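Okay, so here's the structure we're looking at.
The values are calculated or read from the model by the stated rules, or taken from the named source; none is laboratory data. It should be emphasised that the depicted structure is a prediction, and the values quoted were computed from it without experimental measurement. Note that each Cβ is placed from the backbone with ideal geometry, even for glycine, and that neighbours are counted across all protein chains shown.
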Amino acid sequence: MGLGTWQLQRLAWKEALIAAAHERPGAAAVPAPGPDTWSGFAIDDWRYRRVTLTGTFGPREAYFWIALTEPNGPLSGAGAMVLTPFRTTDGWTVLVNRGFVPEDRRAPASRPGSEPPEGTVTVEGLVRRDDPPSFITPAPDAASRTFYARDIAAIAGALDAAPPVAPYQIDLVAEETPPGGLPQAGESRMTFTNNHLGYAFTWFGLGAALLGVTAAALWRRSGRRHGPHAAPSSE
């Protein structure tokens with residue numbers, strides 16, 4: 001029964017997260033959380049919030065491989081999200097997802113005008129959580145700096161990002177797409193699976209079945225002890 005209760009708690013958490021994903025991107029932007037908030041950082045309090053950053057983009061890129069379906073912009077298919085370190089004027093770094101590029105336009109030389117703006121700029125984006133790889137995630141390709149999980153530590157290391165590095169990432173909003181159209185910003189994926197209610201019913205059902213089996217076994221044992229053929233008392 002405890003596992004069923006836990007699944008109901010997870011259901012409430014997931015429903016709150018889904019609600020946040022729909023509501024927060026449309027709210028007014030606030031400054032991105034700095035290092036004074038990172039100790040015990042509660043990502044669910046910030047996830048999908050629209051924030052602003054002021055600083056400079058680094059010169060290097062890494063790539064998170066993705067097959068983009070149902071895009072917000074005109075481009076989709078196999079490609080990558082372009083990840084670039086952004087050094088804030090307050091002296092800390094955050095990984096910024098500048099947007100999607102098709103596989104045949106991944107090389108910077110194939111997309112003139114896609115470079116990040118030079119100098120100090122202010123940008124807006126959505127806060128996204130760290131996403132370390134699981135045991136089934138392919139290993140990154142170090143030569144091409146291609147990753148299959150948005151693992152902050154690994155990507156920041158590959159890009160020689162200056163510390164301290166934020167424990168979250170930023171997805172630029174669509175308005176940050178360069179005039180040439182690449183990288184195509186505003187492609188945050190907000191899809192969720194929510195099977196917790198079904199899991200809860202399963203665990204409660206298994207618990208009820210186990211109680212029934214236990215009760216039947218006790219009843220049969222009691223019947224053998226007190227039935228007409230029960231052994232006489234020694235008293």
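If the condition is being in contact with a helix residue (DSSP H, G or I) (Cβ under 8 Å, 6 or more places away or on another chain) and in a strand (DSSP E or B), then the range 167-183 contributes P167, Y168, Q169.
The residue list R105, R60 contains one member that is crowded, with 17+ Cβ neighbours inside 10 Å, assigned by TED's automatic domain parsing to the domain that holds Q169 and modelled with pLDDT of 95 or more, which is R105. Restricting attention to the range 80-106, the residues being at negative phi and assigned to a strand (DSSP E or B) number 18.
Restricting attention to the range 107-150, the residues that are in a loop (DSSP other than H, G, I, E, B), within 16 Å of T84 (Cα to Cα) and among the β-branched types (V, I, T) total 1.
Go through the range 39-62 and report how many residues are in contact (Cβ under 8 Å) with a residue 40 or more places away in the chain and over 18 Å from G180 (Cβ atoms).
16
In this structure, D36 qualifies as exposed (fewer than 12 other Cβ atoms within 10 Å of the Cβ), part of a helix (DSSP H, G or I) and modelled with pLDDT of 95 or more. Among residues belonging to the range 63-72 that are touching a residue at least 12 places away in the same chain (Cβ under 8 Å) and touching a Ser or Thr at 6+ places or on another chain (Cβ under 7 Å), point out the one that is surrounded by the fewest Cβ atoms within 10 Å (Cβ to Cβ). Filtering the range 63-72 for residues that are touching a residue at least 12 places away in the same chain (Cβ under 8 Å) and touching a Ser or Thr at 6+ places or on another chain (Cβ under 7 Å), the one surrounded by the fewest Cβ atoms within 10 Å (Cβ to Cβ) comes out as W65.
Within the range 87-137, being among the acidic types (D, E) and over 21 Å from T69 (Cα atoms) holds for D90, E115, E118, E124, D130.
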